[in-house]
1. Of the residues Y66, Y51, Y100, only one is aromatic (F, W, Y) and at pLDDT below 85; which?
2. Quick test of your reading of the structure: T56 fulfils all but one of (1) surrounded by fewer than 12 Cβ atoms within 10 Å (Cβ to Cβ); (2) at pLDDT below 90. Name the failing condition by number.
3. Looking only at region 64-103, which residues are over 17 Å from the mean Cα position of the chain (by Cα), loosely packed, with under 12 Cβ neighbours inside 10 Å and within 17 Å of Y48 (Cα to Cα)?
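The values are calculated or read from the model by the stated rules, or taken from the named source; none is laboratory data. Nothing here was measured: the structure is a model prediction, and the numbers come from that model. Cβ: placed from backbone, ideal geometry, glycine included. Neighbour counts: every protein chain shown.
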Amino acid sequence: MARLPSLLLFFILGVHASVSHGSPPLPSTYDPSICSKSSECGGVNISYPFYLSNATDYYTRFSCGYTDLKISCSRDRDGRNETPTILLGGDNYTILDIIYDSHTIVLVDTDALRGGSCPRVGHNVTFGQAYEWL
């Protein structure tokens, strides 16, 4: 029976050590320092109200822009060229430029950029109130 208290103490210390050296806790409130920097992808400057999906230094439960204006940055097979894309109405669009002064975003349907014959795009995009910035 003398082993039970020492075994229990060993278990408690082991749990305490693993918990105290785990990942840092997430911030409980919005931290503007996480989102204060603009990002760049493929020569396109990305800042509020847009945000680059993987631009924060660490995982945060808060996004750095409008949820529906999340931009993904992907590299080509060589790893040299980056392409910014945005998902709108269930379809991906490649971003050629964002002009913040005039609230303008220049998009190309990603399907149209793929090689082959002239594409016939078979979808429309309708913007609701979530896209008032555009």
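1. Y66
2. (1)
3. Within region 64-103, I99, D101, S102, H103 qualify.
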